[in-house]
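Asker: Dropping a structure here in structure tokens format, bear with me for questions.
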DNA sequence: TTTTGACTCCATCATTTGATTGAATACCTA
DNA sequence: TAGGTATTCAATCAAATGATGGAGTCAAAA
């Protein structure tokens, strides 16, 4: 029993998948109200009614986009977690930042959509959520900030959210920041990675053990 | 010779100022396309045509809002800079974070509007900009990251942007994050300040002096 | 008192936008 | 190939939206 979303993913050439892909990009760029169904249809090269035929109304399509992005993000986080599983905390942060940033810069609409969802309201409430709490809990555990991924402390959650926000911000803000810094894309990406490492690593690594017992590889500082 | 914006500020009871205040909040909450002139007029309790009489079309009003927010933010940054002028870097960061966060949490629409401007496009380009480069340059100089506020290095700019983004994110994302963490407002604000200090202070304080030639934590292990 | 100008609203437009209908076309199966 | 199903589009609707013209109100100036 496949969901329509899975079907669409399965065959990226299908009309349904093509619409989803374009919708994902445009919703990310212009937000919910800034994107019209006509914009999407035009970009795909089809009539609006075809769009409605496949995805229902605008809200349904938006929810599908959010779920789609959510799936992708979760899958990637899992991959990163597997990759860095046995390293020291510093190494884990280094590699995670590199890998996540490469991924996000390849799919900037993910960051766009996540941030828009945090920061902006929609007039007609859409009730599909990014699984931020679940994701953040997992990351917190993986970073040694929480023992139980199901019950991370607020402080641990906030540290994780800081990390994710920092990453998303530079991806999503590329159009704004990069011209300002006058960097080409490659150098911008490199600079972002370095900046994130500059900011994040000392916090988690240098304060390790400052509070408690610190396995050099495991539990980071913060008792909270 | 007063600009209409200054006039509006001068007399907060004036219709023009009331419209501006409401527009500021709503544009921050719903973004440009998510806010209709009717929403604004209704909230103020006036007819749409009155709104147009005072502020011209929707774009003009939005530009006025952006400039207004820009002024406020610049003024506050200046105030913070004065306050922390003679302290150590660590103390400067501590106080700046406390003061800026109190200010931003009192005026959350500022963070909303700044972030929306970074991250989201508007269909019809509005061409008023936040003075991010100027502001960031000043902050970079104030933090000892750049000698000349006019010519900060890209890296210094990005560090400053990291700080500002981190601050804005938690203010703007309050509606999303706070219920997730199940904190009341007071405790949320306290937790945000602590988290920001946890993240930011080590980076800038512990690495002070190291930043000149070789960054310490950067690409140590990451060869990209 | 009259006049002037600033302000406000009612009525109304033109366009945009989300959405549907029904006819056509492509595709598939028996 | 006949019959049916899935897909696509042109035409069209109703509501929402940005915007304006003109009449009415009011206070201050002349």
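Asker: Confirm whether residue A:16 is at negative phi and within 13 Å of DNA strand C (Cβ to nearest atom).
Answerer: no
Asker: Please go through segment A:40-65 and pick out each residue that is closer than 15 Å to residue A:124 by Cβ and surrounded by fewer than 19 Cβ atoms within 10 Å (Cβ to Cβ).
Answerer: Within segment A:40-65, A:56, A:57, A:59, A:60, A:63 qualify.
Asker: Oh, and also: On the basis of being at the interface with chain B (Cβ under 10 Å from one of its Cβ atoms) and modelled with pLDDT of 95 or more, does residue A:185 make the cut?
Answerer: Against the criterion (at the interface with chain B (Cβ under 10 Å from one of its Cβ atoms) and modelled with pLDDT of 95 or more), residue A:185 does not qualify.
Asker: Another question, then. From (1) within 16 Å of DNA strand D (Cβ to nearest atom); (2) in contact with a helix residue (DSSP H, G or I) (Cβ under 7 Å, 6 or more places away or on another chain), pick out the condition that doesn't hold for residue A:60.
Answerer: (2)
Asker: Name the pairs whose Cβ atoms lie under 6 Å apart, with the first residue in segment A:29-52 and within 13 Å of another protein chain (Cβ to nearest Cβ), the second near DNA strand D (Cβ under 8 Å from one of its atoms), and 6 or more positions between them or separate chains?
Answerer: If the second residue must be near DNA strand D (Cβ under 8 Å from one of its atoms), the pairs left are A:33/B:33; A:34/B:33; A:38/A:48.
Asker: If you don't mind, there's one more thing I want to ask. Enumerate the pairs (first residue in segment B:118-132 and at the interface with chain A (Cβ under 7 Å from one of its Cβ atoms) and buried (at least 19 other Cβ atoms within 10 Å of the Cβ); second residue anywhere and part of a loop (DSSP other than H, G, I, E, B) and modelled with pLDDT of 75 or more) with beta-carbon separation below 9 Å, excluding pairs fewer than 6 apart on the same chain, so at least 6 apart or on different chains.
Answerer: Partner pairs satisfying both residue conditions: B:118/A:173; B:119/A:120; B:119/A:173; B:120/A:120.
Asker: Which of the residues spanning segment B:25-39 are surrounded by fewer than 16 Cβ atoms within 10 Å (Cβ to Cβ) and not in a helix (DSSP H, G or I)?
Answerer: Across segment B:25-39, the qualifying residue is only B:36.
This table checks each residue for (1) surrounded by fewer than 19 Cβ atoms within 10 Å (Cβ to Cβ); (2) touching a helix residue (DSSP H, G or I) at 6+ places or on another chain (Cβ under 7 Å).
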site: B:151; (1), (2): yes, no
site: B:158; (1), (2): no, yes
site: B:164; (1), (2): no, no
site: B:180; (1), (2): yes, yes
site: B:193; (1), (2): no, yes
site: B:197; (1), (2): yes, yes
site: B:200; (1), (2): no, yes
site: B:203; (1), (2): no, yes
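Asker: Evaluate the following for residue A:81: is it surrounded by fewer than 18 Cβ atoms within 10 Å (Cβ to Cβ), away from chain B (no Cβ under 14 Å) and either at pLDDT below 95 or not in a helix (DSSP H, G or I) (or both)?
Answerer: Yes, satisfied.
Asker: Within segment B:197-224, can you find the residues that are closer than 22 Å to residue A:92 by Cβ and at pLDDT 75 or above?
Answerer: Those that are closer than 22 Å to residue A:92 by Cβ and at pLDDT 75 or above: B:198, B:199, B:200, B:201, B:202, B:203, B:206.
Asker: Which one of these does residue A:155 not meet: (1) more than 30 Å from residue B:132 (Cα to Cα); (2) in contact (Cβ under 8 Å) with a residue 24 or more places away in the chain; (3) in a helix (DSSP H, G or I); (4) more than 11 Å from the chain's Cα centre (by Cα)?
Answerer: Looking at each condition in turn, residue A:155 falls short on (1).
Residue-by-condition table, conditions (1) within 16 Å of DNA strand C (Cβ to nearest atom); (2) closer than 30 Å to residue B:20 by Cβ; (3) in contact with a strand residue (DSSP E or B) (Cβ under 8 Å, 6 or more places away or on another chain):
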site	(1), (2), (3)
B:107	no, yes, no
B:113	no, yes, no
B:125	yes, yes, no
B:143	no, no, no
B:156	no, no, no
B:159	no, no, no
B:167	no, yes, no
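Asker: Which of the residues spanning segment B:133-149 are buried (at least 22 other Cβ atoms within 10 Å of the Cβ) and part of a helix (DSSP H, G or I)?
Answerer: Across segment B:133-149, the qualifying residues are B:136, B:139, B:140.
Asker: So, one more: Test each condition in (1) more than 20 Å from residue B:188 (Cβ to Cβ); (2) more than 16 Å from DNA strand D (Cβ to nearest atom); (3) within 14 Å of another protein chain (Cβ to nearest Cβ); (4) modelled with pLDDT of 95 or more for residue B:69 and report the one that comes out false.
Answerer: With respect to (1) more than 20 Å from residue B:188 (Cβ to Cβ); (2) more than 16 Å from DNA strand D (Cβ to nearest atom); (3) within 14 Å of another protein chain (Cβ to nearest Cβ); (4) modelled with pLDDT of 95 or more, residue B:69 is out only on (3).
The values are calculated or read from the model by the stated rules, or taken from the named source; none is laboratory data. It should be emphasised that the depicted structure is a prediction, and the values quoted were computed from it without experimental measurement. Note that we place each Cβ from the backbone using ideal geometry, even for glycine, and neighbour counts take in every protein chain shown.
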